[in-house]
Amino acid sequence: MIHIMLIEDREIIIDSLKLYLSNEKGMAIKYVAEDGDDAFKILSQNASEIDIVMMDINLPKKDGITLTKEFLSHFPGLKILGYSFHENTFYIKEMIKAGAKGYITKDVPKNEYIKAIKCIAKGSVYFTPKVANLLLNDYMKLLTAIY
């Protein structure tokens, strides 16, 4: 069983993700936090029970990028999947630099969430084709500017 902690402040998204994943065998959202303070309290008491943290970028008080850095400094084995409506490569790259193992946009179909969770739980990284394409286009621009 893959136990997930969801860090999300929008009730409709929390409910949608719970519904998406409740029908998937072998995974469950075990904890939900609406901000970094609540998440830190949950992790402090239950980190060993959490396989993956799904981290929104836009959160009250502190953003998901800052929280990813902070959480990994306290819980180095934590596997974090960043997700957001942001398609700007700046945010995606910042999540990667912070230590996230993957990134998906919130508008992806249910099966992308499931693929991402399973992949990261096994120790790999995961980016949706859309996100991978955005990153590769950015990288190609960088390469052509250098050469």
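The values are calculated or read from the model by the stated rules, or taken from the named source; none is laboratory data. Given the structure is predicted, the values throughout are model-derived calculations rather than measurements. Because the Cβ atoms are built from the backbone with ideal geometry, glycine has one as well, and the counts that use them run over all protein chains shown.
A quick yes/no check of all residues on (1) at pLDDT 95 or above; (2) under 26 Å from residue 41 (Cα atoms); (3) touching a helix residue (DSSP H, G or I) at 6+ places or on another chain (Cβ under 7 Å); (4) among the aliphatic types (A, V, I, L, M):
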site: 78; (1), (2), (3), (4): yes, yes, yes, yes
site: 89; (1), (2), (3), (4): no, no, yes, no
site: 115; (1), (2), (3), (4): yes, no, no, no
site: 133; (1), (2), (3), (4): no, no, no, no
site: 136; (1), (2), (3), (4): no, no, no, yes
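Residues that are among the polar types (S, T, N, Q) and either touching a strand residue (DSSP E or B) at 6+ places or on another chain (Cβ under 6 Å) or closer than 22 Å to residue 10 by Cα (or both) do not occur anywhere in region 37-57. The number of residues in region 95-111 that are at pLDDT 95 or above and in a helix (DSSP H, G or I) comes to 4.
Within region 23-53, track down each residue that is in a strand (DSSP E or B) and either surrounded by fewer than 15 Cβ atoms within 10 Å (Cβ to Cβ) or aliphatic (A, V, I, L, M) (or both). Correct list: 27, 28, 29, 32, 33, 52, 53.
Cβ-Cβ distances below 6 Å connect the following pairs, each with a first residue in region 95-114 that is free of Cβ contacts under 8 Å to residues at least 40 places away in the same chain, a second residue that is among the aliphatic types (A, V, I, L, M) and part of a loop (DSSP other than H, G, I, E, B), and a separation of six or more residues or different chains: 101/125; 102/125.
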